[in-house]
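Novice: Got a structure here, written out as C-alpha cells. Questions coming.
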Amino acid sequence: MNKAVITGLRWLVALALPIVVVLGAARVMVNTWYPRYEYAKPDFPPDAYGFTQAQRLELGTVCIDFLNAPQDPDRAIQMLVALRLPGTDQPLFNSYELSHMIDVKRLTDQLWRVLLGAGVAAAAALGALLARSASRRSGYAALFVGGALTTALLTVLVLLVLLSWQWFFIAFHGVFFDAGTWTFNWTDSLIRLFPDRFWFDAGVLLVGGAWITGALVMVLGYVLGKRAGAPHGSSR
C-alpha cells in the first residue's frame with residue numbers, strides 16, 4: 001500500500017468519525033427509552049392543558065415508533081393519524097403537526113442512511129490500515145485525529161446548548177426545515193408532549209455522550225500509537 005493510499009484512508013477515517021459518533025449518539029436517543037426516562041423525572045414540567053405523564057409516555061412512544069418505522073413517511077404517518085386526544089374522538093395532531101412529523105421522519109431516515117454509509121466507510125478504511133503492520137500506526141493516528149476533531153466540534157456544541165439553547169434550537173430547525181413549518185401553538189399536542197425541557201435534556205445527553213465517545217476514541221488512538229512506538233500525529 002503506497003503512502004498516498006495510506007494518507008487517503010487515514011483522512012477518510014478521521015473525517016468520518018465525527019459523523020459516526022454524532023449520528024450514532026442521535027440514533028441511540030431516538031428510541032423509546034428516552035421518553036420513559038425523561039417523563040419519569042420528578043421535576044419534569046406537567047402539561048398545563050391536562051395530559052398526564054402516563055398519557056404523554058403512551059402517546060410520545062407512538063411518535064418514536066413512527067420515526068423508527070420501516071415504511072416511508074407518507075405511509076407510516078397513519079400511525080399518528082390514528083391517535084386521538086385522550087377521552088375524546090378528536091385527532092391528537094392537526095394537519096400542520098402531521099406535516100412536520102413527516103418532515104422529521106424524512107430527515108431522520110436520511111441521517112440514518114448517512115450514518116450507515118459513514119460507518120461502513122470508516123470501518124473499511126480503518127480495517128485496511130490496521131490489517132498491515134506498515135500502515136497500522138496510521139490507523140491509530142486516524143483514530144486520534146478523528147477523536148480530536150469530534151471533541152473539538154462537540155465542545156462548541158456543548159457551549160451552544162448550555163449557554164445559548166434557544167438560539168441553537170432555532171438555528172437547528174432553520175437549517176433542516178422550511179420556515180413556518182415547525183412552529184406551533186402552546187396548546188398543540190406536539191408542544192404538550194415534547195416541551196422545551198424535553199429537547200434541552202435530549203441535547204445535553206446527545207452532545208455530552210458524543211463528546212465522551214469522541215474523547216475515548218482520541219485516547220484510544222493515542223495509547224495505541226504510543227504502544228506502537230510512534231508519535232500520535234505521525235503517518236507512514
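Novice: Restricted to the range 85-128, and to residues that are among the small types (G, A, S) and surrounded by 16 or more Cβ atoms within 10 Å (Cβ to Cβ), which residue is farthest from Q71 (Cα to Cα)?
Specialist: Of everything passing the filter in the range 85-128, A128 is farthest from Q71 (Cα to Cα).
Novice: Limited to the range 69-79, what total is found for residues that are in a loop (DSSP other than H, G, I, E, B), farther than 19 Å from L23 by Cα and among the hydrophobic types (A, V, I, L, M, F, W, C)?
Specialist: Residues flagged as in a loop (DSSP other than H, G, I, E, B), farther than 19 Å from L23 by Cα and among the hydrophobic types (A, V, I, L, M, F, W, C) within the range 69-79 amount to 1.
Novice: Hey, among A54, A76, which residue is surrounded by 16 or more Cβ atoms within 10 Å (Cβ to Cβ) and within 26 Å of Y37 (Cβ to Cβ)?
Specialist: That would be A76, the only listed residue that is surrounded by 16 or more Cβ atoms within 10 Å (Cβ to Cβ) and within 26 Å of Y37 (Cβ to Cβ).
Novice: Might you let me know whether the range 197-209 holds any residue that is of a type in the set (D, E, K, R), part of a helix (DSSP H, G or I), touching a residue at least 12 places away in the same chain (Cβ under 8 Å) and out of contact with any strand residue (DSSP E or B) (no Cβ under 6 Å at 6 or more places or on another chain)?
Specialist: yes
Novice: From the list F184, F200, F176, exactly one residue is touching a Phe, Trp or Tyr at 6+ places or on another chain (Cβ under 9 Å), aromatic (F, W, Y) and over 30 Å from T52 (Cα atoms). Which is it?
Specialist: F176
Novice: Within the range 5-45, can you find the residues that are part of a helix (DSSP H, G or I) and among the polar types (S, T, N, Q)?
Specialist: Of everything in the range 5-45, just one residue is part of a helix (DSSP H, G or I) and among the polar types (S, T, N, Q), namely T7.
Novice: Regarding the range 19-41, can at least one residue be identified that is more than 20 Å from the chain's Cα centre (by Cα) and surrounded by fewer than 17 Cβ atoms within 10 Å (Cβ to Cβ)?
Specialist: Yes, that holds for at least one residue.
Novice: Suppose the filter is touching a strand residue (DSSP E or B) at 6+ places or on another chain (Cβ under 8 Å) and either within 30 Å of M1 (Cβ to Cβ) or free of Cβ contacts under 8 Å to residues at least 60 places away in the same chain (or both); does V81 pass it?
Specialist: Criteria met by V81.
Every number here is computed from the coordinates shown, using simple stated rules; none is lab data. Predicted, not measured: the structure shown is a model, and the values here were computed from it. Note that each Cβ is placed from the backbone with ideal geometry, even for glycine, and that neighbours are counted across all protein chains shown.
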